[in-house]
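First comes the structure, then the notes that go with it.
The values are calculated or read from the model by the stated rules, or taken from the named source; none is laboratory data. Since we're looking at a predicted model, the values are computed, not measured. All Cβ positions, glycine included, derive from the backbone under ideal geometry; neighbour counts span all protein chains shown.
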Amino acid sequence: MASRPDPDTPDLDPGLSRGWLASTTLHVIGLALAAVSVGMLACTLLEALTSRRDTAALAVSALLTGTAGGLLSYITRPGVIRKRHIFATVAWTWILITVVGALPFILSGTFAFGGAGFVEQVVNSVFESASGFSASGSTVLADFESPGRGLMMYRQLTHWYGGMGVVVLAVAVLPFLGVGGLELISAEAPGPSSDRLTPRVSETARRLWVVYIGFTLCAALAFFAADGFSSLYDAVAHAFTVAATGGFSVHADSIGHYDSVAVETVAVVFMILGGTSFSMHWRAVADRTLPYHRNSEFRSYLTMLGLTATVIVILLWLENGFPLGTSIRAGVFTVASLGTSTGLSNATGPGSPGDYVMWVAGAQLVLLFLMVVGGCTGSTSGGIKVMRMRVLGLMMLRTVRHTQTPHAVIPIRLGRDVIGEGVVSRVAGFFLLHFLLVISGLVAVTALEGDLVSALGAVVSALGNMGPALNESGPTSNFAVAFSQPARLVLALLMVIGRLEIFPILLAAMGLADRVRSSRRHGPPFLHQVSRRLGSIAGSRSDDV
Amino acid sequence: MRIVSWALASLIDAGLAVGVATLLCGLAGIGDDNADAFAFGVVGAACTALTAVARRRVAPPARPTAGRVFAGIGLLWTVLVLFGAAVYAGTGSLGRLDDALVESAAGFSTSAVTLLDAAEASRTVVLFRSATGWVGGLIAILIAVVTMPVVLRSTALIGYTTGRRGQDLVPNASTGIRRVLILYSGFTAACVAAYLLSGLGPTDALVVGLGTASTGGFTGRVDSLAGYGGGTHAVAAVGMLVAGAGIFVIWWIVRGRVSPLWRSQELRVFVLLLAVATAAIAIHRDIGWGEAGFMAVSMMSTTGFAVADWTGWGESAAVVLLVAAGIGTMLGSPGGGMKVMRARLLMGSAGGELRRQLDPYALILVRRDGETLTRRTLDRLGGHQVAFVVLVGSGAMLLGISGVSLLGSVWGAVSAVSTVGPAMGEIGAYGRLEGLGRPGRLALVPLMMGGRMSIPPLLAGVGLVLRWYRVAVRQSRFQSRLADRRHARSESGNDDG
């Protein structure tokens, strides 16, 4: 009986794979596409059983995606994996998933309203797909009534896939193929370091997925009960969103559609839990204890949410003149939504208390701060993350102390642990790159026609995987109104960069530049491999003859 | 007996400069509004006499500690602003004390925002407003090129100092101060002369010349430089470029040294950024290259002069100008902002971190003019940058809470912290503060002062407060423990009894 290979061993047993082209990147992309096609297929069934409007579009998309994924994973096998390849794998997987994930929207003509041409439809579809898979929740969809239930559920499902990461899904499969997944986890998992629950990556991934699925089921049941058991479809759709801290809704006015305190309370609780590390949830379930209060990041996270909610409620009450109860309801919900990078809204319409673009500038700036920070490491939320913000704050305090005692050696501590200087530098580098991307994005979006405040909000929102932004791109508007087509593509790219925590995309771009440079000298590496393989096949045939 | 205090000594020196400037403004105002001239003359004379006497009784310590120097710098700026406010309010130039405080802070921080009505203000007041900017610029240069590198003598603070080139201009404190004074005054005189040649009257030439050399941007007119001719605009553009490039560039030019000019990475980046900003504005928005270049150099040198209402140029031009203002000038300039050198080093550091992701053991070297910076220095620069962002962010929130619009809050905070002044929104292209409510105006004061002090003194102030707090907490704990013990002893004594 053959023993299973060690999942963390990079070298492979060629007997386990039928692929002849050695490329880890293509292989992972293939597996990820196959996984997405399963979701498309499920939504096709839902569409066929309900509205039947977009059944063909979904079925064709599932077929094309599944075939492409299956073929890619069949003809390729994972090669020897290096750090550079890991980043390329993660980055290209997300980019391709985003592009392929737009197929159902393109084929169904979801964005064919308002006389939009084919190019605009493609741009909008790619934007919606990027927003979905990056768990952002920004939308260009204006007509929420025309698409069928299956297609709308597919839109929600893109969040769910994106939440924990399509790549983590692939990691759960990769151990069978013998590819070391630890590096992939650390490249994909949010935060300064991956929070491993077990020494084996496959086991960690499995447990995270169990928690994720369990979390989604609990959220669905809670929404179902809070809405008076009226629509399981709505409950599941919003459960996908809160689990992934996404932001899409099946209604144009998001959670504001229900105008229900119970539904909003459920959403607030699950959004805050979604912005918390999933490994902590696992520990809570597995150990039957509550580890949350012992985690310093979680305490900081709750303190941040509490303080900002208090400030906003006071501002809404005093400056905007809302009644105290309305201020609490609007303030707490919006802080929970934006502080966890979810992006759901409880605005019942333009100008209602939940429509935060009508709030005083101070309150909106507090929200902008929340968009930058995001949730905890190890959660599905975006943004810089509370842990990194703490490191940056401590770094600033260390600079404060150095002005008094320039030669003092002052370590940075999180809780009782001293953080290594390498990690501190990496966090500082991450913050710098984030800052630089915000500025570059702002320049690009305003150059492509967008007003400054909307552009600032949208860029910060896209990088933080938030969803709605400020001004014209607020919770009761959509991005098609606020931004031109090229600007939307820039924002879509920023969403993917933000989802992957900046480094993988930039490193993949650097790797691509290196490849282009080397292919000028030696020819394209894949073609080289293919021609060598064909040569060997031809050689073996001539031997047979 | 002489009092040894760095803060007091520097305060007296600055007071002397302000006193002389006030006296000169009073003298220059004779014949225009004699009441103002008399009042300013008396205040200036009294301040000069007082500081001249006090100077003999106070001496700076031979080796002041970093904390005390930074705290002293913070105190110095605060006292100067309060003095200026007292002069404006005391002489009746600005009726309300809060308005006087805002005007004084704008003057000393070299920000081009004002509440003064140029049509009504006397020549003395207008000159005094300009002179506060000039003194503010002088103190900023002295802190950057003399205090930090020479007085602190600490390589550990290299991120805040001027590097090897500083030793050339400032071999020691006294020589450095003398040279900086000569260069700064000479540059100002050259600016005034050029403005006179371009057709400006003597008072206007003096006001605009002081505003150019100090990057203060005050002109005494409601439309900044828009009403002047092309010659004046050209003089202003060249003047702002040189002022933004800093005292080292002026030193190299005066000494006829071409090679340091070519070799300076910072100068190359400064010029490159200016060229890119100009091109970005001119090409994208179909704005004249002259106007685009003028506004780019005005923002990047953090002067704030305007030749047109640039707030109507479109969002992309506004963003380019915003970024230029945020980056700011070169080290050794009276202007503000994050500074070109720091921005470049931080970029290098971020690029290094990116490369380190691929190879964790890679040796990434970040250099400044041939010097390799240590990881410690880069970390401090990182902390500095975080503090800059925190200052801008909290400033924007403060403005937002004060009733300023979202656009005005964001732009106003960046502009105030970078000591530019004009901003999109309520403040506008010409830096008029009438459109801003009183809370908003007052919110600008700490931002302008925070930007002028630069980050280290601000952080040192925070550090001192934290230290005092820690000491106070320790003392109160100690006292409570002592009281508990006494209580316990007395109780045990009673039991024994």
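Numerical summary
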{"quantity": "Qualifying residues in region A:456-484 (those that are more than 20 Å from the chain's Cα centre (by Cα) and over 22 Å from B:S405 (Cβ atoms)) - the one modelled with the highest pLDDT", "calculated": "A:S484"}
{"quantity": "In region B:266-278, the residues that are more than 22 Å from B:F187 (Cβ to Cβ) and surrounded by fewer than 16 Cβ atoms within 10 Å (Cβ to Cβ)", "calculated": "B:L272, B:A275, B:V276"}
{"quantity": "Exclusive hit being under 19 Å from B:G393 (Cα atoms) and without any contact (Cβ under 8 Å) to a residue 12 or more places away in the chain, set A:L370, A:L365, A:L305", "calculated": "A:L365"}
{"quantity": "Test for B:I253: is it surrounded by fewer than 23 Cβ atoms within 10 Å (Cβ to Cβ) and without any contact (Cβ under 8 Å) to a residue 12 or more places away in the chain", "calculated": "yes"}
{"quantity": "Odd one out for B:G304, checked against (1) modelled with pLDDT of 90 or more; (2) within 13 Å of chain A (Cβ to nearest Cβ)", "calculated": "(2)"}
{"quantity": "Evaluation of A:V90 against (1) in contact (Cβ under 8 Å) with a residue 40 or more places away in the chain; (2) out of contact with any Asp or Glu (no Cβ under 8 Å at 6 or more places or on another chain); (3) closer than 14 Å to A:L26 by Cβ (one fails), failing number", "calculated": "(2)"}
{"quantity": "Scope region B:31-68; condition charged (D, E, K, R) and either surrounded by 14 or more Cβ atoms within 10 Å (Cβ to Cβ) or in contact with a Ser or Thr (Cβ under 8 Å, 6 or more places away or on another chain) (or both); matching residues", "calculated": "B:D32, B:D33, B:D36, B:R55, B:R68"}
{"quantity": "Failed item in (1) in a helix (DSSP H, G or I); (2) over 23 Å from A:V373 (Cα atoms); (3) at pLDDT below 90, with B:Q385 passing the rest", "calculated": "(2)"}
{"quantity": "Residue that is farthest from the other protein chains (Cβ to nearest Cβ), among those in region A:391-423 that are among the basic types (K, R) and within 21 Å of A:R294 (Cβ to Cβ)", "calculated": "A:R416"}
{"quantity": "Matching residues, region B:451-469, being among the charged types (D, E, K, R) and more than 8 Å from every other protein chain (Cβ to nearest Cβ)", "calculated": "B:R452"}
{"quantity": "Flag if B:R441 is of a type in the set (K, R), more than 8 Å from chain A (Cβ to nearest Cβ), within 28 Å of B:D309 (Cβ to Cβ) and in contact (Cβ under 8 Å) with a residue 12 or more places away in the chain", "calculated": "yes"}
{"quantity": "Flag for A:P291 being within 16 Å of A:G256 (Cβ to Cβ) and modelled with pLDDT under 95", "calculated": "no"}
{"quantity": "Number of positions in region A:89-106 that are surrounded by 24 or more Cβ atoms within 10 Å (Cβ to Cβ) and under 24 Å from A:L507 (Cα atoms)", "calculated": "8"}
{"quantity": "Residue ranges of helices (runs of 4 or more DSSP H) in region A:23-126 with at least 1 members within 14 Å of chain B (Cβ to nearest Cβ) and farther than 22 Å from A:W160 by Cα", "calculated": "A:83-101"}
{"quantity": "Test: residue in region A:426-437 that is under 28 Å from A:G246 (Cα atoms), touching a Lys or Arg at 6+ places or on another chain (Cβ under 6 Å) and within 12 Å of another protein chain (Cβ to nearest Cβ)", "calculated": "yes"}
{"quantity": "Test result for B:L273, hydrophobic (A, V, I, L, M, F, W, C), assigned to a helix (DSSP H, G or I), within 24 Å of the chain's Cα centre (by Cα) and assigned by TED's automatic domain parsing to the domain that holds B:I139", "calculated": "yes"}
{"quantity": "Filter pass, A:G383 being crowded, with 20+ Cβ neighbours inside 10 Å and either outside any helix (DSSP H, G or I) or more than 10 Å from chain B (Cβ to nearest Cβ) (or both)", "calculated": "yes"}
{"quantity": "Test: residue in region A:308-317 that is modelled with pLDDT of 90 or more, under 27 Å from A:V391 (Cβ atoms) and either not in a helix (DSSP H, G or I) or not aliphatic (A, V, I, L, M) (or both)", "calculated": "yes"}
{"quantity": "Test: residue in region B:296-309 that is without any contact (Cβ under 8 Å) to a residue 12 or more places away in the chain and among the acidic types (D, E)", "calculated": "no"}
{"quantity": "Test: residue in region B:279-300 that is buried (at least 18 other Cβ atoms within 10 Å of the Cβ) and not in a helix (DSSP H, G or I)", "calculated": "yes"}
{"quantity": "Pick from region A:485-505, criterion within 14 Å of chain B (Cβ to nearest Cβ) and within 15 Å of the chain's Cα centre (by Cα), ranking: nearest to A:G383 (Cα to Cα)", "calculated": "A:E501"}
{"quantity": "Residue check for B:S333: assigned to a helix (DSSP H, G or I), surrounded by 19 or more Cβ atoms within 10 Å (Cβ to Cβ) and more than 13 Å from chain A (Cβ to nearest Cβ)", "calculated": "no"}
{"quantity": "Matching entry among B:M448, B:M397 (being part of a helix (DSSP H, G or I), more than 11 Å from chain A (Cβ to nearest Cβ), closer than 30 Å to A:L318 by Cβ and not polar (S, T, N, Q))", "calculated": "B:M448"}
{"quantity": "Residue satisfying condition, being within 14 Å of another protein chain (Cβ to nearest Cβ), surrounded by fewer than 24 Cβ atoms within 10 Å (Cβ to Cβ) and either in contact (Cβ under 8 Å) with a residue 12 or more places away in the chain or farther than 22 Å from B:S394 by Cα (or both), within set A:G351, A:G325, A:G321", "calculated": "A:G321"}
{"quantity": "Selected residue (only one of A:A482, A:A447, A:A469 is within 13 Å of another protein chain (Cβ to nearest Cβ) and under 20 Å from A:Q121 (Cα atoms))", "calculated": "A:A482"}
{"quantity": "Residue pairs meeting the criteria (Cβ under 7 Å; at least 6 apart or on separate chains; first assigned by TED's automatic domain parsing to the domain that holds B:A325, in region B:336-348; second small (G, A, S) and in a helix (DSSP H, G or I))", "calculated": "B:G336/B:G451; B:G337/B:A325; B:G337/B:G326; B:M338/B:G326"}
{"quantity": "Every residue from region A:359-380 that is of a type in the set (A, V, I, L, M, F, W, C) and either touching a Pro at 6+ places or on another chain (Cβ under 8 Å) or in a loop (DSSP other than H, G, I, E, B) (or both)", "calculated": "A:W359, A:V360, A:C376"}
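Per-residue answers, yes or no, for (1) facing chain A (nearest Cβ under 9 Å); (2) of a type outside the set (S, T, Y); (3) over 23 Å from A:A455 (Cα atoms):
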| site | (1), (2), (3) |
| --- | --- |
| B:L406 | yes, yes, no |
| B:W411 | yes, yes, no |
| B:I427 | no, yes, no |
| B:L433 | no, yes, yes |
| B:V471 | no, yes, yes |
| B:A488 | no, yes, yes |
